[in-house]
Amino acid sequence: MEAPGGLPLLGHLPRMVRAPHEYIQSLRAHGDIVRIRVGTSPVYVVTSPELIHQVLVARSDGFERGRVFDKATAAIGKGVIVTNGDFHLRQRRLLQPGFQRARIHGYMETIHRQVDTQAARWTPGGRISLREEMHRFTLNAVTRTLFGANTEEGIATEIGDYIDAANAWVSHHTLLSSEFFERLPTPVNRAFVRKKARFDELIGAFIDARRADERDHGDLLSALLAAQDAETGKGMSDEQLRIEIAGLFVAGSETTATALSWLFHEVGKDPQVEARIQAEVDSVLGGRPVTADDLPRLQYIQCVVSETLRLYPIAWLLMRRTLRDLELGGYHLPAGVEVLVSPIMSHRNPRIYPEPMRFDPDRWLPERARELPRYALLPFGDGKHKCIGDMFARTEMVIAVAAIAARWRLVPVPGHRVWEVPRSVLRPNQVLMTTVPRTPHTPQETQS
């Protein structure tokens, strides 16, 4: 069924541009699969959680990544976060050793040091922009996880400038799909070209230095340099390494920073949730950093992270393209058409989650979570294209929450309104918080 309200030539594009996440959710009323027009091009929006699972997992062999990923490939290169088929599988296998559980546990000290440094700059009663603070933290954490704990902070700032320029370029040219617009000397294009050249220079210098050294420094770059294809015995070229590193920065900085901003926004509104986090941090950690053994013991923080990712999924909009004619849920999809799926359709579906807009971390207690269907939570996508850094992101979030909650309360600024801004991630407009120091309590103090 085609959605009502399309305009000549423009189709449903004005509504998509104005409020895309709200418009996409409204399509649920028109069927499990709804056709809209972006300009004159048809796009099939899948609204059913069961059919979303079919697209991403059960019948993923009938789909490849779609238009947004085409533009991302033009921006950052042919890497694992944007590619399809055998090339994607080969690159994913080369990157996987850097994201194994033991390796991620080795990054934990570096991550903790970054959040501790960030929080140490806050002052009692000070006002912070949480989105900016969390973006600085995650950017430094990813930079030092990749290149080593002693990497200069200025490097992360320059890399952040490139990421912002790349995201702006992709968003701009996804709608202006002609390559003609990509060659125009517009401010967006000029900024992207300039900052990409500087990024390539920076990353090339790190790769050259590390190849000359040849030791395993315990960082992610060492793992990527050591990776070899099982069939050929060859590793990645310098150019492919640079492309994959660009993808890791694009995928791993703003996304986690956005999720942490939403998390502290929700926790700041609910004193009971905040108190339970503080009690768990004091009881489990007693003032020391999080270790790998602590991760399963920080159960409530894990629940808070899961609930944040449910309500505000990182990958809130996914595009696929049909590889052939196929039937999906009784609907015919022609070959070569764009298919849009959004985890929001599952995450905010009252059939799956009662009161879906209520922030309720207890949904993820084991006895309740095991009752949920397989497709109930997919903040990092699902199937063969699921984000390779999902465990890294969750670990980073747990460390950040524990480290900050041990020292600070983040209190919402009265009268400040927060709303959703759907871009490449579903980010908040701004999250202003007041930093209030707290004195942790040990279990012995609590009992006495």
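The values are calculated or read from the model by the stated rules, or taken from the named source; none is laboratory data. Here the structure is a predicted model, which means the values were calculated and not measured. With ideal geometry, Cβ positions are generated from the backbone for all residues, glycine too; neighbour counts draw on all protein chains shown. Remember, those area values only see protein heavy atoms, side chains included, never the ligands or the DNA or RNA. Shrake-Rupley method; radii C 1.70, N 1.55, O 1.52, S 1.80 Å.
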Straight-line reach check, Lys384, cutoff 18 Å on alpha carbons, 8 or more apart in-chain or any other chain, hits among aspartates and glutamates -> Glu50, Asp61, Glu64, Asp70, Asp86, Glu244
Amide H neighbours of Leu328 at under 5 Å, excluding residues fewer than 5 places away on the same chain, with H built from the backbone geometry, are Leu333
Applied in sequence order to the stretch 249-256, the curve 6.51 cos²θ - 1.76 cosθ + 1.60 (Karplus, θ = phi - 60°) yields integer Hz couplings, x standing for Gly and Pro, of 5, 4, 7, x, 10, 5, 4, 5
Of 316-326, 429-439, ordering from highest average Cβ density within 10 Å down gives 316-326, 429-439
The stretch 175-277, convex hull of Cα, quarter of hull surface, nm² -> 11.9 nm²
Calculated from DSSP helices alone, with each H run of at least 4 adding -39500 (n - 2.57) and the total divided by the residues of the chain, [θ]222 nm to the nearest 500 comes to -16000 deg cm²/dmol
Note, the stretch 121-132: 3J(HN,Hα) by Karplus (6.51, -1.76, 1.60, θ = phi - 60°), whole Hz, Gly/Pro = x, goes 7, 6, 10, x, x, x, 10, 10, 8, 5, 4, 5
The convex hull of the Cα atoms of the stretch 58-142, divided by residue count, gives a volume in Å³ per residue of 161 Å³
Rg (one decimal) and Dmax (whole number) from the Cα set of the stretch 119-200, in Å, equal 16.2, 52
Comparing Ser26, Ser346, Ser306 in a Gaussian network model of the chain (Cα, 10 Å), the one with the largest mean-square fluctuation is Ser26
Length gained if Val411 through Val436 is fully extended, taking 0.36 nm per residue and subtracting the Cα-Cα distance, is 8.3 nm
At the level of C-alpha centres, the distance separating the stretch 336-400 and the stretch 140-161, in angstrom, is 29 Å
Percent relative contact order for the chain, counting Cα pairs under 8 Å at least six residues apart, stands at 24 percent
Interchain or sequence-distant (5+) residues whose placed amide H lies within less than 5 Å of the amide H of Glu2 are Arg35
Heavy-atom accessible area per residue of the stretch 45-85, all protein chains kept, 1.4 Å probe, expressed in Å², is 31 Å²
In nm, the gap between the two label points placed 7 Å beyond Cα toward Cβ at Leu323 and Ala149 is 4.4 nm
Checked the stretch 30-185 against the a/c 1.5 cut and the a/b vs b/c comparison, axes a ≥ b ≥ c from its Cα gyration tensor; verdict prolate
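Leaving out ligands and nucleic acids, note down the accessible area per residue over the stretch 325-448 with a 1.4 angstrom probe, in whole Å².
Ligands and nucleic acids excluded, the result is 45 Å² per residue.
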Carbon and sulfur atoms account, in whole percent of the 1.4 Å probe accessible area of the chain, for 53 percent
Under 5 Å from the placed amide H of Val421, counting only residues 5+ away or on other chains, we find Arg427, Asn429
If exposed means GluC sites (Glu not before Pro) lying in a DSSP loop and surrounded by at most 10 other beta carbons within 10 Å, then the longest stretch of the chain lacking such sites spans residues 1-213
Pseudo-spin-label distance Ser129 to Lys78, built 7 Å along Cα→Cβ, given in nm, is 3.9 nm
Over all Cα pairs of the chain, the Kirkwood radius sets Rh, and Rg/Rh then becomes 0.96
Scalar couplings 3J(HN,Hα) for the stretch 100-111 by Karplus 6.51 cos²θ - 1.76 cosθ + 1.60 (θ = phi - 60°), nearest whole Hz, x for Gly and Pro, are 5, 3, 5, 5, 4, 4, x, 8, 4, 4, 4, 4
As straight-line cross-link partners of Lys196, the qualifying lysines (C-alpha separation under 23 Å, not fewer than 8 residues apart within one chain) are Lys71, Lys78
